[in-house]
Amino acid sequence: MKLPRVIKIKNLLKFQILYHLSRKNLCGDELADLLNFRKNHKLTPGTIYPALKFLKKKKLVKYKQRGRKKIYYLTKFGKEEYNLSRNLFNKMFRIYLINKKRKK
């Protein structure tokens, strides 16, 4: 099985950011709102922007300046990496569910 090169499953915040950007180009505030909704607690810019900076440094995301906002989007490599990470996550989750059913 081919594994993602940059994103490890332990990096769930980065994985979630890639997920949201795979669906729609977003600014940091919009990402924060989506992530806060999912986590039921407020994420700070000190959490989100370092993750975006890491993803940008690894060439998974880029941004376009629109006024004062940066609109983030996935690069081709980012899309590939997200798909690999998603497939791995799905396989791991399926294995967990299968094992859980066997224990019953």
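For L97, indicate whether it is in a helix (DSSP H, G or I), surrounded by 15 or more Cβ atoms within 10 Å (Cβ to Cβ) and modelled with pLDDT under 90.
no
Search the range 16-29 for residues that are without any contact (Cβ under 8 Å) to a residue 60 or more places away in the chain and closer than 13 Å to G78 by Cα and pair each with any residue that is among the small types (G, A, S) and part of a helix (DSSP H, G or I) when their beta-carbon atoms are under 7 Å apart and the residues are at least 6 apart or on different chains.
Matching pairs, first to second residue: I17/A51.
Taking the range 33-83 on its own, how many of its residues are touching a residue at least 40 places away in the same chain (Cβ under 8 Å), in a helix (DSSP H, G or I) and surrounded by fewer than 17 Cβ atoms within 10 Å (Cβ to Cβ)?
1
Could you tell me which residue of the range 1-31 is modelled with the highest pLDDT, considering only residues that are of a type in the set (A, V, I, L, M) and over 12 Å from the mean Cα position of the chain (by Cα)?
Applying the filter and picking the extreme gives L26.
How many of the residues in the range 42-73 are touching a strand residue (DSSP E or B) at 6+ places or on another chain (Cβ under 6 Å), closer than 14 Å to Q16 by Cα and of a type in the set (A, V, I, L, M, F, W, C)?
Number satisfying all stated conditions: 2.
Kindly establish whether K76 is of a type in the set (D, E, K, R) and at pLDDT 95 or above.
Answer is yes for this residue.
The values are calculated or read from the model by the stated rules, or taken from the named source; none is laboratory data. Everything quoted here is computed from the prediction, not taken from an experiment. Don't worry about glycine lacking a Cβ; one is built from the backbone with ideal geometry, like all the others, and counts go over all protein chains shown.
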